[in-house]
Every structure is written in C-alpha cells, then in structure tokens.
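Since the structure comes first, as structure tokens, the remarks are kept for the end.
The values are calculated or read from the model by the stated rules, or taken from the named source; none is laboratory data. Keep in mind it's a predicted model, so treat the numbers as computed, not measured. Because the Cβ atoms are built from the backbone with ideal geometry, glycine has one as well, and the counts that use them run over all protein chains shown. To get the accessible areas, we keep the full protein, side chains included, count just its heavy atoms, and leave off ligands, DNA and RNA. Shrake-Rupley method; radii C 1.70, N 1.55, O 1.52, S 1.80 Å.
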Amino acid sequence: MIRSPAIRRPIPPLLIGFIVAAFAALAVTWRPAIERIAPPAPDSFTPQIISRGAVLAKLGDCAVCHTAKSGRPLAGGRALPTPFGTLYSDNITPDPETGIGTWSREAFRRAMRDGVSRNGSHLYPALPYEHFTHVTDGDLDALYAFLMSRRPVALEAPPNSLYFPLGFRPLLAGWKMLFLQKGPVPIVIGKSAEWTRGAYLTEGLGHCGGCHTPRNIAGGEQTSRAFAGGVAEGWRAPALDGSNPAARHWTVDALQTYLTTGISPDHSAAGGPMGPVVDSLSSAPPRDVRAIATYIAAMMGNGVSRPALKLADNPDGATKAFPQGATLFAGACAGCHSTGAPMLGQGRPGLALVSNLRDDIPTSAIQAVLAGIDPPVARRGPMMPAFATSFTDQQIADVLNYSRARFTGRPAWTGLAKKVSQGRKEISQP
Amino acid sequence: MTITINVNGSGHQVEASPETPLLYVLREDLRLNGPKYGCGLGQCGACTVQIDGKAAFSCVTPIAAIAGRSVVTVEGLAPKGEMNMLQQAFLTEQAAQCGYCIAGMIMRAQALLDEIPQPDEKTIRRHMQPNLCRCGTHMRILRAIRRAAAPNASHLA
C-alpha cells in the first residue's frame, strides 16, 4: 500500500475568520453573573406591591408554563415540547437552591428584559423575553415582589433535551441579536387609553404573539406577519389580524366574554393551550382584560363593516359528498351539534360559528375531536368528550369534512386522515 | 341493515342502522347490560367500554365506526364468571355504592392497567378523570385500582 505523503496545508483564511468571529461573538455575548443575595424576607415587600404583582402574574400567565401537571404552582418542571427538543420550565419560587431565592431585583429584571439568568447564562426564548422586554420597571418589580413572597418549593427541573448543538447556550446570543428588540411598546398618538393599555399588555406581559404569530425556522416571531396565526402544543393559535376566519366579527364584548369564561356564544370555546390562558384571565381585573380585548378587536378590524354571513347548514349536500361522515356525525355528534340540539340552547355556539371549522388549516378542529375540550375555568362549563379512542384517523377525517361541508360550505380539507394521524402524536393522554 | 361487530371475542350480526350508538346495540340486541346509559352525550362515562383495548364512550360511538375493531365490555373481563383481579379489587374495597358508574370505571381502569401495570397516583387520577360517580365513592375506586396495580403490597394507602 502506498501512502501519500502528508501535505502541510496552510490554515484556510475562512477558518481563521470563523475562529476570530467566534471569539468576538463570545466576548460580545458574555454576561457576568450577578452576585447572589440572601433571600429577601416576604415582609420586606408591601402588601400593595405583592397584590399588584399577583395580578400581573395572572396577565402574564406565569403559572401556566412554570407549573408541572399536578405540580406545585410556579415550581417549574413542566415539559415544553418545541420543534428544537423539549425544554423544562424553571422553578420560580424563592427556593435558594432550586428556585430564584438568591436573585436580586436586578437579576430578575435582566432575565425578563435580556433573557439572561442570574449566573450569566443565556435563557431559551421559551421564556418569551422578546415580549417581557417591553414591561416597565415598576411592573417587573411588582412581579419580583410577588414571586419572592411565595412559599419556596425545592424542586429541580429535569434537564432539557434539545437537538445538538442547541444545548450550547452562547448560541442564544446570536438568536437575540436577530429577534430581541428591546424598548417600550411604542405609544400611538390618537389611540384611546384603553387601546394603549391593551397594546402594552398584549405585546408585553400577555405575550399573545408568542403563539399567535407565526415563527420562522430559527424559532423567531415573524414580526412582519404579527398575529397571522401560529401553533401551540399541537393546536393552531388562530390569526388575530384581519385574516381571522370567524363567521361573525369579534367585538370587544365577545372577546372579553371569551377571554374570561372560555366560551363566546357567537364564536367558539377555548381549547387546548388557550384553556389555561382563560383560566388565568378569568380572575384578572376586568378592566385589563377589556383593554386586551380592545386592542385585539381593533387588530381584527373591529368597526370595519363587513357583510353579515348567512350561517350555513346544508345537510343534504354534505351527506352527498361525505356519506360516511354523515353517518358518523349522526351517531356521535348530532346529540350536541345538530340543529336544534338541547346543548345549543345553553349559550354554546353552533358549528356554523366555530372558527376552527372555517379555518383553512384543520389543526385545531382535529385536536378538538381527538382530545375534546375541557371546561377551562374551575372545570365548570361546556365539556366536549375526546373521540381519539372512538374513531380511526379516516373516520375523524370523514366526520370533519362532513361538518365543514355542512356548516361552512368551504372546500374540503385535503390529506386529512394523515394530518389526524400526526395530530394523535401530539396528544399525550388516551 | 345487517352489521357484523366483534364483542367480547366473538362476532355478532346485528340488525341496526349504522349511526346507532354502540351502547344501544350492546344493551338491547346483545343483552350486555354492563355498560350503562348515563347522559348519552359522552359526559359521564357510565357507558365506557374498550375499543381495540382503549377506553371509549359507547354512547357516542356509532356502530359504523367499529367495523373490524374489537369491543370489550365488563362482561368480557370475566368470561367464565370468575372476576379478574381488578373486579375482585373493586369488590374487596367495596368501591360501589349505587354501582351505576362502576362497569364504566372498571373498563377505563382496566385499559390503563393493560398499558401501564403499575401506574403512579397522578397517572391513575388523570386517566380516570373523564368518568364521574355521583355517590362520591372516588376514594374507594382509587383504592381498588391501586390494589389491582399492586396486589401483593401489604400497605395500601
């Protein structure tokens, strides 16, 4: 065997450039640790600031992500599946070892504004700091007071399991350069105080765009398509801009009812990850919820006149197109959803009004049938059973396309059975 | 029309229209009265049976949906009249008061134990969540499931 002599090649300039750039990036993105403090005594905060923080925590839905299933509130450990792997939320009770007990106010502000942990490491944007960065100092301090006055819970979150090389946190500095736009929510001259408050809450603590704005392949929100609809835990977060598919226009009143009760008689019920959001908002101050409703209704074009839709109900045409779906609907769905069913008399919207059935993307309609809809507020209210075990993928596809044809008249969803099969993988419970 | 359905391991020909809820066929045609009619709307779980091994509400499952799939009712757990371990645990713990929900409870719990023989408390509670009991025997029902999951444990909380 002939060995070729080793050739000594000069280091390519590109590699040198890369190494220099990497060091420069590390230097630019490096953040120092902030000194630990002794956990502040709960009574070092005034009751006023703690209760203000409690309200803000509801508006920001902190406990939704920072509480594991059946776990202690705010103690973290909830699995957050993302396209990049699974993250586990941190413990944000004031436990000194496993929580944020030794975090100073400055450390907390920096985490919320810059996405940097007390120890200087970058936080994943599952903590929506690209929204929280807009929150005022006063509100952040109130949140801090609320969290630091909770009972400490010692609970270590399981380690994240992310696809290589995303476990390397300094990479997040690059993400932030692209997607973290700091500064307050701009004041728009000529808007009402209610709208302005709504903009602040929606864009800031409420972080509604976190789900309702589509994301690019790097996981950043596409700001040019803000509120054009996104995804959340296998469900579709519907568009909140002019492209919202609702049959009737969302009014401020309808939105407020929906956001605080989980159901609007003119639209639909909150399903999937929107349930916990509603649960949180149900006990938030009505004025703040109304402000959010005002801002979102304006975004969806409230006030712009649009011809009223005649609500569709075409059983004959739908049966002709989807006979199998018609049979399944009659046996499984009609008891609650057919015209004149007793359930419809209790403030529940008919299927002709339900946006998920009108949406071009069937994701949420599929999930509602597979997983059902739990009553979001205190487990009271309308409950739809899960059909995942009753029906096969093809049967769910048939029943959905029948319903869409009958109650919306929109073109059938294509490749639906395959999408149902994908949707099944997203639900954890049989 | 005539539809063939597979219940408790054997095929049955039933004369019914395809949208008929499975529950009606089980009770009225096959005389299997274990599954109960509670709400008829998939809200209470009294009608729970297993379809292909998973717990399902038979009151909102039309028979058209179960062609080629296998159904098991509570009668199917004791084909020779001898109770299985879970049924025995329900008896030992006296988990029934009026008993109307129990067949459904057993079928849902059995589906869990078939998949996870020793589920933890959280898993049991989450799994049993869709089935309701109006008498309030939930604590005994949970004890029975724990007993069946760990039949040799000397201490049952």
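At a glance:
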item	result
Nitroxide proxy distance, nm - points 7 Å out along Cα→Cβ at residue A:119 and residue A:105	2.6 nm
Kirkwood Rh and Cα Rg combined as Rg/Rh, chain A	1.03
Shielding of A:68-74 by partner chains, average beta-carbon count, 10 Å	1
Test item: B:40-53 mean partner chain Cβ contacts at 10 Å	3
Rounded, prolate or oblate (a/c below 1.5 giving rounded, otherwise prolate when a/b exceeds b/c) for chain B by Cα gyration tensor	prolate
Structure-based [θ]222 nm, chain A - -39500 (n - 2.57) summed over DSSP H runs of at least 4, per residue, nearest 500	-11500 deg cm²/dmol
Prolate/oblate/rounded call for region A:315-426, Cα gyration tensor, a/c under 1.5 rounded	oblate
For chain B: relative contact order, % (alpha-carbon pairs under 8 angstrom, 6 or more apart)	23 percent
On Cα atoms only, tilt of A:193-203 relative to the major axis of chain A in degrees	70 degrees
Sequence-distant residues sharing a close amide H with residue A:153 (under 5 Å, placed H)	A:93, A:95
Averaged over B:18-31, number of beta-carbon atoms from partner chains that fall within 10 Å	2
Pairwise label distance in nanometres, residue B:15 with residue B:126, each label 7 Å out on the Cα-Cβ vector	4.8 nm
Approximate spin-label separation residue A:320-residue A:136, in nm, with each point projected 7 Å along Cα-to-Cβ	6.1 nm
Contour excess over end-to-end distance, with Cα ends at residue A:241 and residue A:218 and 0.36 nm allotted per residue	6.0 nm
Ranked by how many other beta carbons lie within 10 Å on average, peptides A:64-74, A:100-110, B:105-115 from highest	B:105-115, A:100-110, A:64-74
Size descriptor, Kirkwood hydrodynamic radius, that averages inverse alpha-carbon separations across region A:193-299, Å	13.9 Å
Spin-label zone in region A:253-291 - amide nitrogen under 17 Å from a point set 7 Å from the Cα of residue A:191 along the C-beta vector	A:288-291
Tilt relative to chain A, helix A:47-59 - C-alpha long axis, 0 to 90 degrees, to 10	60 degrees
5 Å-binned pair-distance histogram of region B:2-77 (Cα, whole percent)	3, 18, 33, 29, 14, 2
Percentage relative contact order, region B:85-149, counting C-alpha pairs under 8 Å, at least six apart	55 percent
Debye equation applied to the C-alpha atoms of region A:42-179, log10 I(q)/I(0) at 0.12 Å⁻¹	-0.46
Highest to lowest packing among A:271-282, A:393-404, scored as the average C-beta count within 10 Å	A:393-404, A:271-282
Region A:246-253 - phi-based ³J(HN,Hα) in whole Hz, Karplus 6.51/-1.76/1.60, Gly and Pro as x	4, 6, 10, 4, 6, 9, 4, 4
Sum of side-chain charges, residue A:258 neighbourhood, beta-carbon under 14 Å (Lys, Arg +1; Asp, Glu -1)	0
Whole-Hz couplings from phi, Karplus 6.51/-1.76/1.60, listed for region A:321-329; x for Gly and Pro	6, 9, x, 5, x, 5, 5, 5, 4
Highest-fluctuation residue, B:78, B:96, B:56 considered, GNM on chain B with Cα pairs under 10 Å	B:78
Convex hull projection area averaged over all views, region B:85-149, Cα basis, nm²	3.6 nm²
Table column - 3J(HN,Hα) (Hz), region B:136-147, Karplus curve with 6.51, -1.76, 1.60, x for Gly and Pro	x, 8, 3, 5, 6, 4, 4, 4, 4, 5, 4, 5
Folded to 0 to 90 degrees: helix B:102-115 orientation relative to chain B principal axis, Cα	80 degrees
Cβ-Cβ FRET estimate between residue A:344 and residue B:100, R0 fixed at 22 Å, reported to 0.05	0.20
Relative contact order [Cα under 8 Å, 6+ residues apart], chain A, whole percent	13 percent
Percent carbon-and-sulfur accessible area, region A:82-232, ignoring ligands, DNA and RNA, probe 1.4 Å	61 percent
